[in-house]
Amino acid sequence: MSSQRADLACRIFPEPDAYQIDHFDRLPDSLLLLVFNKIGDVKALGRCCVVSRRFHSLVPQVENVVVRVDCVISDDDSSSSSASSDKSRGPFWNLLRLVFGGIVKPIQTLGQFLGPKRPSSSSPSPSSSLAVGTDDDSDAGVTHHSPTQVLKNFNEIRLLRIELPSGELGIEDGVLLKWRADFGSTLDNCVVLGASSVFHPKDLTDSSATATNCTDDNGSIPDSFYTNGGLKLRVVWTISSLIAASARHYLLQPIISEHGTLDNLVLTDADGQGVLYMNREQLEELRVKPLSASSASKRTLVPALNMRLWYAPHLELPDGVVLKGATLVAIRPSEQSPNTAKKEASDLSWVSTAFEEPYRTAATMLVKRRTYCLEMNSF
């Protein structure tokens, strides 16, 4: 009799099939958001959106987002597929449309998550220089969305990192060129590190790499630096870096205006050539005080500048890497209060910490050498 009752209870209250339990349902939202924040990549998050309604509702709450650009095409190449509202064009860097590929057909719902761009009355958008490619059902098969559109449904972004496929500045093989720029509504500071050639320890068996070891120089720039085009090349490096930085800054204004929760924004490239950085104070400054655009092209106007330059014909780092023609340029706007200028003249930590190792060590070594001052007008 008891066995019959057990059998009846089993029929009325069957034990759940372990294979039918969704264990993700047991996880709290806070834990899932922690996972999504570790993922970060906007494409991967887009794929997460189509997994379930719960995921779809949680992804917009992600605070750390990374947007990686796959390729760059010019407006001329993409004009046939551009929207009719995309009228304005700019030269060089501003003629670039950045396209995110690799988001394929199974992710139809991603298009719904991205959705149409909501109108913004606070800040007019520039021409669509940045675009994200997603598959749709149209004949063309690809719809281009700007990063503003892609990010518009993220409501809680605090750290945003955008990575270009490569640096804008074309340099010869073996040449080192890196820059970091901090912006508010305009340029706050910029540091440029360059070298005409770089030798790694395995290359130093070549006598040509070790022939010029100027460990006993007094830190002064040799006369040949002015006569063989060395100074002219460094000026080109500096101006090119400033143009690239100001063009990146200009393109970020629609994103900044629509995401008031941002604490940090980084726009870098896969080559590690240049990094544009904005903290919360600088982001708020841009929202309150609109940027000044250059009349020549779609980029932020660079103010008049004071520059300090350090140079070493031969700089050997602790790890054995040798930089030939090593040059460090620290750039600040000319319009600063006397007290601020005096303080910054003695505190060069913002210069020596601008780069990751081993180039942080290179900058630290260079600032100990003789300083040369330069000035540059706004452009």
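The values are calculated or read from the model by the stated rules, or taken from the named source; none is laboratory data. In this text, all values refer to a predicted model and were calculated from it rather than measured experimentally. Methodologically, a virtual Cβ is constructed for each residue, glycine included, from the backbone with ideal geometry; neighbour enumeration extends over all protein chains shown. For accessibility, only protein heavy atoms count, side chains too; no ligands or nucleic acids. Shrake-Rupley method; radii C 1.70, N 1.55, O 1.52, S 1.80 Å.
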Whether any residue in segment 138-147 is in a helix (DSSP H, G or I), modelled with pLDDT under 85 and under 30 Å from Tyr372 (Cβ atoms) is what I want to check.
no
Filtering segment 298-316 for residues that are crowded, with 17+ Cβ neighbours inside 10 Å and more than 25 Å from Ile221 (Cα to Cα) leaves a count of 4
Report the residue count in segment 33-63 for those that are open to solvent by 60 Å² or more (accessible area, probe 1.4 Å) and within 11 Å of Phe154 (Cβ to Cβ).
2
Is it fair to say Ala363 is closer than 20 Å to Val302 by Cα, modelled with pLDDT of 90 or more and surrounded by 11 or more Cβ atoms within 10 Å (Cβ to Cβ)?
no
Residue selected from segment 326-337 under the condition modelled with pLDDT of 95 or more and small (Gly, Ala, Ser), by the criterion surrounded by the fewest Cβ atoms within 10 Å (Cβ to Cβ):
Ala330
Evaluate segment 240-254: report whether one residue or more is open to solvent by 40 Å² or more (accessible area, probe 1.4 Å) and touching a Ser or Thr at 6+ places or on another chain (Cβ under 6 Å).
no
Please verify whether Glu285 is in contact with a strand residue (DSSP E or B) (Cβ under 8 Å, 6 or more places away or on another chain), among the charged types (D, E, K, R) and farther than 15 Å from Ser378 by Cα, treating the condition exactly as stated.
no
Subset of segment 254-292, residues touching a residue at least 60 places away in the same chain (Cβ under 8 Å) and part of a loop (DSSP other than H, G, I, E, B), comes to His259, Thr261, Leu262, Asp263, Ala270, Asp271, Gly272, Gln273, Lys289, Pro290, Leu291, Ser292
Can you tell me which of (1) crowded, with 16+ Cβ neighbours inside 10 Å; (2) in contact with a Gly (Cβ under 7 Å, 6 or more places away or on another chain) is the one Asn153 doesn't meet?
(1)
Filtering segment 162-208 for residues that are basic (Lys, Arg) and crowded, with 18+ Cβ neighbours inside 10 Å leaves a count of 2
